[in-house]
1. With equal scatterers on the alpha carbons only and no solvent term, can you work out the Debye log10 of I(q)/I(0) for region 145-190 at 0.18, 0.19, 0.27 1/Å?
2. Give a quick list of GluC sites (Glu not before Pro) in region 112-190 that DSSP marks as loop, anything other than H, G, I, E or B, with at most 15 other Cβ atoms within 10 Å.
3. Among Gly23, Gly44, Gly116, which one shows the highest mean-square fluctuation when the chain is modelled as a Gaussian network with alpha-carbon springs under 10 Å?
4. Can you list the HN-Hα couplings for region 80-94, worked out from phi with the Karplus curve (6.51, -1.76, 1.60; θ = phi - 60°), rounded to whole Hz and with x for Gly and Pro?
5. Between Pro157, Pro83, Pro17, which gets the highest mean-square fluctuation from a Gaussian network model of the chain, Cα cutoff 10 Å?
6. Can you give the FRET efficiency to the nearest 0.05 for Thr64 and Ala146, using r as the Cβ-Cβ distance and R₀ = 45 Å?
7. Tell me which trypsin sites (Lys or Arg not before Pro) from region 69-122 have a DSSP coil assignment and no more than 16 other beta carbons within 10 Å of their own.
8. Collect residues whose amide H, placed 1.01 Å from N in the peptide plane, falls under 5 Å from the amide H of Phe165; neighbours closer than 5 in sequence don't count.
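Any read-out appearing in this document is the output of simple, stated calculations on the displayed coordinates, not a laboratory observation. Note that the structure is a prediction, hence the values are computed from the model and not measured. Cβ coordinates were reconstructed from backbone atoms using ideal geometry, including for glycine residues, and neighbour counts include every protein chain displayed.
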Amino acid sequence: MDDRVDGRMDGRAALPPMLAVVGRKHSGKTTLVVRLSAELTRRGHRVMTLKHGSHTFNLDPEATDTYRHYHEGNAERVAMSSPDKFALVMRWEQELPPEEIVARHLADADLVLCEGFKASAIPKVEIFRRDAHESPLFDAALPNAASWRAMVSDAEPASFAGRRFDLETPGWLDALADWVEHEFLKGGQR
């Protein structure tokens, strides 16, 4: 159910633009998110990222104070603060949709690059490399196929009609960043 009213979710300010980078395992999703984020940040945009994981994770190694707070103390939320960073780990009963996570924690971004969330309705760019996989994730029969907006690839997937960025063409990252600015950041620096 969508709780938006006039571009707002639950009375909060409108969400920043979100773009999901999707692909099969070991296709280069993280590398693409990192490179695109660095380029857009270099261009003056405030980029934030959200990574989807299919299993649990630990930010701190065992035996650190924050690990003990969370695991031994069973604290619902553990925040860690230092002069240059802040982290929050919290328990939840059910995974929140990416839009809600962004609304709660990343709403002041110019753009949120999401790694994963392939089943969501978030606009997507897929990374597909022939040496990693036989075929892309994209399939025109997927219920959310319309959310695939672009493909970064060294192949020409036959059934994909969206924007394509050729990994073998020099300057593909600049062209992708230009496209993201035009499509998601209204064409320029903030």
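1. So the normalised log intensities are -0.59, -0.64, -1.02.
2. Sparse-neighbourhood loop GluC sites (Glu not before Pro): Glu134, Glu168.
3. Highest fluctuation of the listed residues: Gly44.
4. In residue order, the calculated couplings are 10, 10, 9, x, 10, 8, 9, 9, 10, 10, 9, 8, 9, 7, 9 Hz.
5. With Cα springs under 10 Å in the chain, the top fluctuation among Pro157, Pro83, Pro17 is at Pro83.
6. About 0.50, to the nearest 0.05.
7. Lys85, Arg91
8. Amide H neighbours of Phe165, under 5 Å, 5+ apart: Met151, Val152, Ser153.
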